[in-house]
Every structure is written in structure tokens, then in C-alpha cells.
Amino acid sequence: MKKVGYLALMLTGMLFTSQVQAQTQKGNILVGANLANIGGTFQDGGSTFSLNLTPKAGWFIKDDIAIGPEVNLGLLTGNGSTRFNYGIGAFGRYYIKDKRIELTNKTRWFLEANAGFNGVNTKAGDQESTNTNGLGLGFGPGLAYFVTPNIALEALLKYNLTVGFGSSVTAHNVGLNLGFQI
């Protein structure tokens, strides 16, 4: 029984001391979601509060570079209006490997960008509804904190732009996304 206990202790120690870089190597898979998006808009009508869910899956095609699909569903409310966001597309992520900018040995800075089809539909009380549907683009920096070598909590500051057709040609916002990746 002592041998099993020592083995478990040794494996746990190895789990928590392994390098974060091993999780961003070519061939690994990243699966997770941004669970909360707290942000403000720059559209007419003032400030709003938003909640989004953005599941994504990525494959590391090269060390520190992941690409894959993502889906975006969101609801924004405030100032007597309701806005529904949706989108489907692809994202790319680059993990920065520079010891000088790491906060701890369990953190990694990254840059993320996405492109795809997005839509933003707004209903503001008795006023006419507005919508924008078309090309969605987004980019921003983020920070991943690896709780274990396989699980990371993340914060991502991202600018999103939708350009297309509808009653409004553009829609854009900046959001602070909180999430996790496995």
C-alpha cells in the first residue's frame, strides 16, 4: 500500500512541475470556451452589459500555433434594448514564448484572431430593429494561467467587428472574455 501512495505522490509531483510549453506543442488539441464576456459597445444608444458563450476547438499545427473552429452566441441588454449576437468561423492563436514577459512559470501570453460569418440583431423598445450580418473579424491579446498542465484559465481582451449588410453596415465592440481551455 505504501508503494501505491509513493507512486501517486510522485505522479502528482510530476503533473504539477511539468512545463507549460509541452501543452502548446504540435499535434496537441485545445478544447474550451469563453464563458463570460464583460464589455461595452461603441454604438449609438450608450453602454450595455453582455454575456457570451464561445466554444472552440483548436489543433496545434506547429509549436505554439493553434487553429480551429469556434461558435459565438451572445445576449446583450441595457438602455431599453436587447441585442442577440451569433457567429461561426475559425480562430487562430499564437502563444508567445518569452520568459522575460511571463508573470509566473504557469502563465503564457497569447494573441488570438478570428474570422467568419457573424450577425448582430438589436431590438430597442418601440424603435425599429437594427441588424448587421456579414464578415466577422476579431483580434486581441490574452493570458492563460495553467492550473494544471492540461487545464488553463484565460482572460482575453478582444476587439470584434462585423461588416456586411442589413440596416446597419457595421457593428463593433471590445470585450473582456473569461474562459478555460483543456
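In segment 36-182, one over the average inverse separation of all distinct C-alpha pairs is 16.1 Å, which is the Kirkwood hydrodynamic radius.
Leaving out ligands, DNA and RNA but keeping every protein chain, what accessible area does residue 53 have, in Å² rounded to the nearest 10, with a 1.4 Å probe? Using a 1.4 Å probe on the heavy atoms, I get roughly 80 Å².
Computed with a 1.4 Å probe on the full set of protein chains, the accessible area for residue 62 sits at about 130 Å². Nonpolar atom fraction for segment 112-182, defined as the carbon and sulfur part of the 1.4 Å probe accessible area, stands at 70 percent. For the cross-link pairs 62/97; 26/158; 56/158, the ones whose C-alpha atoms lie over 18 Å apart are 26/158.
The values are calculated or read from the model by the stated rules, or taken from the named source; none is laboratory data. The model shown is predicted, which means the values in this text are computed figures rather than measured ones. Ligands, DNA and RNA are stripped out before the accessible areas are found, and what is left, the full protein with its side chains, is counted by its heavy atoms. Shrake-Rupley method; radii C 1.70, N 1.55, O 1.52, S 1.80 Å.
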